[in-house]
Amino acid sequence: MAIQKVSVLSTTSSEPSAVSKWFSKSLPPISALVVFLLLWQGIILISGLKRFVLPSPIDVVQSFIDKSPELLDAAGFTLRSSSIAFVLVILLGTIVSFVLASNKFIEKALYPYAVMLQSTPVIALAPIIIIWFGLGLGSIVVISVIIAIFAVVANTTQGLISVENNLQNLFKLYGASSNQTLLKLRLPFALPYMVTGWRIASAQVVIGSIVGEYMAGAGGGGQGGLGLVIAASSARLQTSYLFASALTSALIGVGFFLLVNFIGHLLLRNWHESAVQHEN
Amino acid sequence: MISADSIRDIEPQKLDARLLVHVREVNKRYGNGTLALEGINLEVREGEFISLVGPSGCGKSTLLRIIAGLGDVSDGLVTVNGAAPTSVRARASTAFVFQEATLLPWRPVRANVELPLELQGVSKANWKPVVDEILELVGLSKFDKAYPRELSGGMRMRVSIARALVTKPKLLLMDEPFGALDEITRQRLNSDLLRLKEILGATVIFVTHNVFEAVFLSSRIAIMSARPGRFVREVAVNAPYPRDATFRGSPEFGQAVMETVQSLEH
Ligand SMILES: Nc1ncnc2c1ncn2[C@@H]1O[C@H](COP(=O)(O)OP(=O)(O)OP(=O)(O)O)[C@@H](O)[C@H]1O
Ligand SMILES: [Mg+2]
């Protein structure tokens, strides 16, 4: 009898249903969140900290509800500037990478300047950008692109120059044109590297947009986004509103990241180690 | 009546079999000053199977790459099928198999084998019968939709060989293609390679470190000295094709192995 019982138990546990799989995957982060929120609320109750120093989770939720029209508006704008910046970052970044990788001389000549641009603090460039593009969407997108483009350029270039030598020889032996080599060898070879660049950039364009809005947002024209909401609420010590808007921008960032992850998975799932389901 | 097969059998022995590869007084010095090849002369006639054997770094790969038109000579002259190795004429008749399978990981087996046809601009309608035939010959018909990462090392090498043979090349250049495989797989692929060579009537230049492999496969073995690479000796393997596993136990086999090993010790 005992033996039978054991075998029944083991078959049920060796084939977990989709629900229980999801549950076992989501349980740890959800319980961590719950513990975190309880601690947070507890600390405020015990210490009696002022609301403008540290609002409680309940205050933040309250603020979400009270300010939802403004937050939605701002989030919509931030989403728009991030999306425009993201598309530009991928297009420009890929083109720049192909130029850099096309020729050792060009790479050596230009790469130091790309690194320099990356290392210049945006705050030093912002005034010039605002003079050129004015307050609002234009400058915000430019700032976001400057912040995020390096990740795409660095990774894509790395992929394009890493193509295995004998694969290139193979294409040479069959008299492949440079177009064929580009489309059938270098581009697919670089794809996993490119996806890595997109992933990093997806988080950076959201950060970039918010920094851009903070420095170049135009509140009057509805072109302020979450960055301006953050600036304004911190100036007025509306700390729970500040928390709510920071949280909203985090959600946008996560959304972007998940989307890019999904696209990357679709592109690589059949062949690349990073996306393959391993059966050992 | 003489069948086509029997003509092919006697061709290597015929003195006037067409000269396919001609290497004359070739020196190769790399940019950093390394003299990799010195005074190399080699004539390969249609239907021959030649192995290049020698210590590591003696220039075997260098020579093969020169014949493939992937590197140039410092002095001397090389012709393949009567033309310069980089010419369209030579390229169209040559195929190369690298030490690693060098497959495109994003393409399934069939698309990997199609690659040469695609790059050479063969019209798409003609791919299927040719690719089907070659996949059948290397025993991979059932795996045409598999991705390279789903295959064993030996199977990947079969795909690589299929890809090389899909254009029906006159000349097949192979640089230690089975070096990374276990002995059993290596012997199976050796037999398969000889069978494919007979069916397709190709000429092979084969680089290996393995004396047994060289003897089993070759009609001639060219032995090279350490740097700078020179031909020090040539061993003829006097056994007719087709050869099967029993050849490994024959006196001719032992004789050729002995001669080769002795030449290598010099
Ligand atoms: N691109 C290169 N630049 C400079 N020297 C090279 C280059 N390729 C090869 N060599 C040198 O030329 C010599 C011959 O190299 P090669 O690769 O042809 O030897 P090999 O006989 O194929 O050796 P192995 O059996 O180890 O494959 C070596 O000394 C090597 O260091
Ligand atoms: Mg070599």
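State which residue pairs qualify: first residue assigned by TED's automatic domain parsing to the domain that holds residue B:186 and away from ligand 1 (no atom under 11 Å from the Cβ) and inside region B:200-211, second residue of a type in the set (S, T, N, Q) and not in a strand (DSSP E or B) in any location, beta carbons under 8 Å apart, and separation of 6 or more residues or different chains. Pairs found: B:206/B:218; B:211/B:260. Of A:268, A:258, all but one fail to be in contact with a Ser or Thr (Cβ under 8 Å, 6 or more places away or on another chain) and within 30 Å of residue B:148 (Cβ to Cβ); the exception is A:268.
Hey, any hits in region B:31-44 for a residue that's more than 16 Å from ligand 1 (Cβ to nearest atom), in a strand (DSSP E or B) and either without any contact (Cβ under 8 Å) to a residue 12 or more places away in the chain or over 16 Å from residue B:173 (Cβ atoms) (or both)? So far as region B:31-44 goes, yes, one or more of its residues are more than 16 Å from ligand 1 (Cβ to nearest atom), in a strand (DSSP E or B) and either without any contact (Cβ under 8 Å) to a residue 12 or more places away in the chain or over 16 Å from residue B:173 (Cβ atoms) (or both). Of all residues in region A:156-201, those being touching a Pro at 6+ places or on another chain (Cβ under 8 Å) and under 18 Å from residue B:163 (Cα atoms) number 1.
Do we have residue B:106 as within 22 Å of residue A:270 (Cα to Cα) and among the hydrophobic types (A, V, I, L, M, F, W, C) here? Yes: the conditions hold for residue B:106. Of all residues in region B:67-82, those satisfying the criterion of being crowded, with 16+ Cβ neighbours inside 10 Å and more than 16 Å from the chain's Cα centre (by Cα) are B:71, B:73, B:76, B:78, B:79.
Each residue in region A:217-263 was checked for being β-branched (Val, Ile, Thr) and either under 11 Å from the mean Cα position of the chain (by Cα) or outside the structural domain of residue A:67 (by TED's automatic domain parsing) (or both), and 3 of them qualify. Close Cβ contacts (under 6 Å, 6 or more residues apart or on different chains) running from residues in region B:61-76 that are within 13 Å of chain A (Cβ to nearest Cβ) to residues that are within 11 Å of ligand 1 (Cβ to nearest atom) and part of a helix (DSSP H, G or I) comprise B:71/B:65.
State which residue is farthest from ligand 1 (Cβ to nearest atom) when the search covers only region B:225-244 and only residues that are surrounded by 17 or more Cβ atoms within 10 Å (Cβ to Cβ) and more than 20 Å from residue B:213 (Cα to Cα). So, considering only residues that are surrounded by 17 or more Cβ atoms within 10 Å (Cβ to Cβ) and more than 20 Å from residue B:213 (Cα to Cα), the one farthest from ligand 1 (Cβ to nearest atom) is B:230. Give the residue that is farthest from residue B:202 (Cα to Cα), with candidates limited to residues of region B:106-120 that are buried (at least 18 other Cβ atoms within 10 Å of the Cβ) and at the interface with chain A (Cβ under 7 Å from one of its Cβ atoms). Within region B:106-120, the match that is farthest from residue B:202 (Cα to Cα) is B:106.
Of all the listed residues (A:237, A:259), the sole one being under 30 Å from residue B:105 (Cα atoms) and either at pLDDT 90 or above or out of contact with any Pro (no Cβ under 8 Å at 6 or more places or on another chain) (or both) is A:259. Residue-level check: of (1) modelled with pLDDT under 95; (2) within 16 Å of ligand 2 (Cβ to nearest atom); (3) more than 14 Å from chain A (Cβ to nearest Cβ), residue B:52 misses just (1).
Which ones in region B:181-194 are in a loop (DSSP other than H, G, I, E, B) and in contact with a helix residue (DSSP H, G or I) (Cβ under 6 Å, 6 or more places away or on another chain)? Listed by number, the list holds a single entry, B:181. The condition (being surrounded by 19 or more Cβ atoms within 10 Å (Cβ to Cβ), within 14 Å of another protein chain (Cβ to nearest Cβ) and either more than 16 Å from ligand 2 (Cβ to nearest atom) or part of a helix (DSSP H, G or I) (or both)) is satisfied by just one residue among B:164, B:214: B:164.
Restricting region B:85-105 to residues that are at the interface with chain A (Cβ under 8 Å from one of its Cβ atoms) and within 16 Å of ligand 2 (Cβ to nearest atom), the residue that is nearest to residue A:189 (Cα to Cα) is B:102.
Of the residues that make up region B:104-111, is at least one at pLDDT 95 or above, in a helix (DSSP H, G or I) and of a type outside the set (Val, Ile, Thr)? Yes: region B:104-111 contains one or more residues that are at pLDDT 95 or above, in a helix (DSSP H, G or I) and of a type outside the set (Val, Ile, Thr).
Each row is one residue, and each column tells you yes or no for (1) more than 18 Å from residue A:83 (Cα to Cα); (2) among the aliphatic types (A, V, I, L, M); (3) crowded, with 19+ Cβ neighbours inside 10 Å; (4) away from chain B (no Cβ under 14 Å).
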position	(1), (2), (3), (4)
A:216	no, yes, yes, yes
A:223	no, no, yes, yes
A:227	no, no, yes, yes
A:235	yes, yes, no, yes
A:247	yes, yes, no, yes
A:262	no, no, no, yes
A:266	yes, yes, no, no
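On the stretch given as region B:219-240, residues that are over 20 Å from residue B:65 (Cβ atoms) and assigned to a loop (DSSP other than H, G, I, E, B) total 5. In region B:48-60, the residues that are part of a strand (DSSP E or B) reach residues that are near ligand 2 (Cβ under 9 Å from one of its atoms) and not β-branched (Val, Ile, Thr) with C-beta atoms within less than 7 angstrom, at least six apart or across chains, in these pairs: B:52/B:60.
The values are calculated or read from the model by the stated rules, or taken from the named source; none is laboratory data. Bear in mind the structure is a predicted one, so any value in this text is a computation, not a measurement. Here Cβ is always computed from backbone atoms with ideal geometry, including for glycine, and neighbour counts include all displayed protein chains.
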